[in-house]
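Visitor: Following this message is one structure expressed as structure tokens.
Just so it is clear, none of the values below were taken in a lab; they were calculated from the coordinates. For clarity, every value in this text was computed on a predicted model and none was experimentally measured. Cβ atoms come from the backbone with ideal geometry, glycine included; neighbour counts cover every protein chain shown.
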Amino acid sequence: MADLLKGKVCLVTGAGRGIGRAIAQQFAKEGAIVYANEVRQGAVDEWLTDDLFSNSIIPLYFNISDESEAKGAFKQIKDKRGRLDVLVNNAGIEYNELIGMISPKHMTKMFEVNVYGTIEMLQLASRVMARQPEGGSIINISSMVGVKGNKGQLVYSATKGAVIAITKSAAKELGSKNIRVNSIAPGLTKTEMMDAADQEKLKDRINNISMGRIAQPLDIANACVFLASDLSSYVSGQVIGVEGCTIM
Amino acid sequence: MMTNIEKYKNIFIRVFDVREDSLNESFTFADTEKWDSLGHITLISELENEFDVMFDTEDILSFGSFENGMKILKKYRVSFDN
């Protein structure tokens, strides 16, 4: 443990599994107090059995797209800790649909969670961080498809492109308050969802990665540790690709 | 111990760098140079902390004047009677 985040109060959304879970665990290993959000009741408790994390990770169940629930969660953190140092906007949903087959229902849902939810969380966090002399760090998880686009991911890539634009604008608006806003853009990442994917197609995609492997959630989490820590105190408005040099 | 109106005024004085005698019904968003986006976030943040409330979005959006702010805070059971 390097204690890079010692004593920092962090909120990680979508921490029930995959990348969000790895971020929450890695932050805790670095000494942070982590509020691990998930919409599904019990999703964090299912993996929160390790003694290593029992005192440092606190499950917090709420829907980030619901203003009242999100507000209540921030109030809870503020009342208990008096501060919030880091917000990781990781929660997101993904439906992959080709042009002509895009479901309006799925499109609405993706924008509600990936874009409106991110904005809502960012606004709430900035209200808490604005009165802290040391400001805070907001990390938005986007995606390389938000930078480069991808077949079959028109809507998803649009939402992630929006997350990147949100990051750059928010960084400009909040910079004078010492609130840093950055984005991590993961490439193809090994998650539970990936296990169900067509393995032949997956091989083709891995062939396009210069480093010859897909990202592990820990790769993304480590980049988040950097952005959450004081090591990145002069880094804001940036999009960091964590994608093993993928040729898209 | 400060009254709520004193606390309320002090936040405006601190955030917008204005004199107490300017805080009246004509003190509005439109007429205050420092009441920009960042000033608004700072004001809301300071008020939430001082009065231990979390505003609804619609209240933040309509919080455009010194007078109206008091009406909004009353909804959150903050009294300005003394």
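Visitor: Please grab the % of Cα pairs in chain B that end up more than 20 Å from each other.
Guide: Value for chain B (Cα pairs over 20 Å): 23 percent.
Visitor: Once you place label points 7 Å from the Cα toward the Cβ at B:Asp36 and A:Asn207, how far apart are they in nm?
Guide: 5.3
Visitor: Now for a different question. Highest mean first, what order results for A:12-19, A:197-204, A:91-98 on Cβ atoms within 10 Å?
Guide: Result, highest mean first: A:12-19, A:91-98, A:197-204.
Visitor: What is the Å³ per residue value for the convex hull set by the Cα atoms of segment A:83-169?
Guide: Dividing the Cα hull volume of segment A:83-169 by its residues yields 81 Å³.
Visitor: Which far-off residues, 5 or more places away or on another chain, put their amide H under 5 Å from the one on A:Ile179, with H placed in the peptide plane?
Guide: Amide H to amide H, under 5 Å and 5 or more residues apart or across chains, A:Ile179 pairs with A:Gly136.
Visitor: Anything in chain B that counts as a DSSP H helix reaching 20 Å or more along its axis (C-alpha) with Kyte-Doolittle mean of at least -0.5? List them, would you?
Guide: B:37-51
Visitor: Which residues does the label zone of A:Glu94 cover in segment A:142-175, counting backbone N under 14 Å from a point 7 Å along Cα→Cβ?
Guide: From segment A:142-175, the list is A:142-161.
Visitor: Now for a separate question. For B:45-52, what's the mean count of beta carbons from other chains sitting within 10 Å of each residue's beta carbon?
Guide: Rounded to a whole number, the mean comes out at 4.
Visitor: Compute the distance in nm between two label points, each set 7 Å from the Cα along the Cα-to-Cβ direction, one at A:Asn222 and one at B:Thr57.
Guide: Result: 3.8 nm between the two label points.
Visitor: Tell me, what is a quarter of the convex hull surface for the C-alpha atoms of chain A, in nm² with one decimal?
Guide: One quarter of the hull surface, i.e. the mean projection, equals 13.0 nm².
Visitor: Additional query: Report, in listed order, any pair from A:Lys75/A:Lys168; A:Lys8/A:Lys80; A:Lys160/A:Lys201; A:Lys151/A:Lys203; A:Lys8/A:Lys75 with a Cα-Cα distance greater than 19 Å.
Guide: Check vs 19 Å cut-off fails for A:Lys75/A:Lys168; A:Lys160/A:Lys201.
Visitor: Can you give the percent of C-alpha pairs in segment A:94-228 whose distance is more than 24 Å?
Guide: Above the 24 Å cut-off, segment A:94-228 has 37 percent of its Cα pairs.
Visitor: For the pair A:Ile247/A:Arg81, report the inter-label distance in nm, with labels modelled 7 Å from Cα in the Cβ direction.
Guide: The answer from the label model is 4.3 nm.
Visitor: Which length gain, in nm to one decimal place, applies between A:Asn150 and A:His106 when the Cα-Cα distance is subtracted from 0.36 nm times their residue separation?
Guide: 14.1 nm
Visitor: Near A:Lys177, which aspartates and glutamates are there with a Cα under 12 Å away, not counting those fewer than 8 places off in the same chain?
Guide: Straight-line reach from A:Lys177, under 12 Å: A:Glu134.
Visitor: What order, most packed first, do the peptides A:35-44, A:171-180 have when packing is the mean number of other Cβ atoms within 10 Å of each residue?
Guide: Output ranking for A:35-44, A:171-180: A:35-44, A:171-180.
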